[in-house]
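The values are calculated or read from the model by the stated rules, or taken from the named source; none is laboratory data. Quantities reported herein were computed from a predicted structural model and do not represent experimental measurements. Note that each Cβ is placed from the backbone with ideal geometry, even for glycine, and that neighbours are counted across all protein chains shown. Please note that ligands, DNA and RNA were not included when accessible areas were found on the heavy atoms of the full protein model with its side chains. Shrake-Rupley method; radii C 1.70, N 1.55, O 1.52, S 1.80 Å.
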Amino acid sequence: MSKSDGSSPGNDKGNAASAVASNKDPPTTSEKPGEIGSVAPKPSNSTSVQVKPEKAELPQFEKGIIDSLVSKFGDSIKVVYVKPLRIKIEVPSKDIVEIARHIRDESGFDHAESVSATDYPKTGDIEVIYHLGSYARENLSSHILALSTRTDRNNARLPSLIEVFKSVEYHERESFEMVGVYFENHPRNDRFLLPEDWADIPPLRKEFRIKGR
């Protein structure tokens, strides 16, 4: 008969289970980021250096036109953009006639190709833009100078440029009729597109709604 070592069968099973558990390999880590047990990749020691692009030079011909206006009128000229064949400036309404006359006589833009008016209720004003071109000067034949000004939308009144550019006559009338800008010294601030009995607000104001819709 063999001697007992005092351990119970249950303890033998427990020791065996512990041995098996201790001999297991450690859990493998996933190679896919975001899974349980994955190891985060080490941060890279390299740093990216962002090089700011050099400021593009203004086209020389257009820059010459702007420089002439700024030297004459100073802070009254706000340059919106200068691009090849395209210039936009914004001026105070009180100065627009004088500046327009200088643009015609000194810069060579001799007519208004169109006039647009845009309603901005959030800022409380209306912007009117005269798109000026030239028939007489060949070096300006492809250029457009956008002459912009603003007026209070609740009392939309601007000086007319009809004495400077005769071609604004119908364009200013359209802006009066459709957006509600009254042009002082214009001979005909009256309707020619809407019915004579039109009693609603100007149809290109942002709050205008077609009835029944």
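Those residues that are within 20 Å of Ser93 (Cβ to Cβ) and assigned to a loop (DSSP other than H, G, I, E, B), I need them from the range 173-213; list them, please.
First pass over the range 173-213, keeping only residues within 20 Å of Ser93 (Cβ to Cβ): 173-187, 189, 202, 204-205.
Of everything in the range 173-213, those that are within 20 Å of Ser93 (Cβ to Cβ) and assigned to a loop (DSSP other than H, G, I, E, B) turn out to be Gly180, Val181, Asn185, His186, Pro187, Asn189, Pro202, Leu204, Arg205.
Please work out which residue is farthest from Phe165 (Cα to Cα), limiting yourself to the range 78-110 and to residues that are of a type in the set (Lys, Arg) and in a helix (DSSP H, G or I).
This residue is Lys94.
Listed here are the residues, each with its yes/no results for (1) open to solvent by 10 Å² or more (accessible area, probe 1.4 Å); (2) modelled with pLDDT under 95; (3) aromatic (Phe, Trp, Tyr).
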{"residue": "Arg153", "(1), (2), (3)": "yes, no, no"}
{"residue": "Leu161", "(1), (2), (3)": "no, no, no"}
{"residue": "Phe165", "(1), (2), (3)": "no, no, yes"}
{"residue": "Ser175", "(1), (2), (3)": "no, no, no"}
{"residue": "Val179", "(1), (2), (3)": "no, no, no"}
{"residue": "Leu194", "(1), (2), (3)": "yes, yes, no"}
{"residue": "Lys211", "(1), (2), (3)": "yes, yes, no"}
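Every residue, every condition in (1) under 15 Å from Ser116 (Cβ atoms); (2) over 27 Å from the mean Cα position of the chain (by Cα); (3) charged (D, E, K, R), yes or no:
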| position | (1), (2), (3) |
| --- | --- |
| Leu132 | yes, no, no |
| Glu138 | no, yes, yes |
| Ser141 | no, yes, no |
| Arg157 | no, no, yes |
| Ser160 | no, yes, no |
| Arg173 | yes, yes, yes |
| Val179 | yes, no, no |
| Glu184 | no, yes, yes |
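Please go through the range 130-151 and give me each residue that is of a type in the set (A, V, I, L, M), under 17 Å from Ile66 (Cβ atoms) and open to solvent by 20 Å² or more (accessible area, probe 1.4 Å), ordered by number. Can you show your working first?
Initially, the range 130-151 is screened for residues of a type in the set (A, V, I, L, M), giving 132, 136, 140, 144-147.
Those left that are additionally under 17 Å from Ile66 (Cβ atoms): 132, 140, 144-147.
If the condition is that a residue be of a type in the set (A, V, I, L, M), under 17 Å from Ile66 (Cβ atoms) and open to solvent by 20 Å² or more (accessible area, probe 1.4 Å), then Ile144 is the only one that fits.
A quick yes/no check of all residues on (1) touching a residue at least 12 places away in the same chain (Cβ under 8 Å); (2) more than 21 Å from Ile96 (Cα to Cα):
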site	(1), (2)
Glu172	yes, no
Ser175	yes, no
Glu184	yes, no
Pro187	yes, no
Asp190	yes, yes
Ala199	no, yes
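Read through the list (1) farther than 26 Å from Leu204 by Cβ; (2) touching a Phe, Trp or Tyr at 6+ places or on another chain (Cβ under 6 Å), then give the number of the only condition that Ser141 fails.
In the conditions (1) farther than 26 Å from Leu204 by Cβ; (2) touching a Phe, Trp or Tyr at 6+ places or on another chain (Cβ under 6 Å), Ser141 misses (2) alone.
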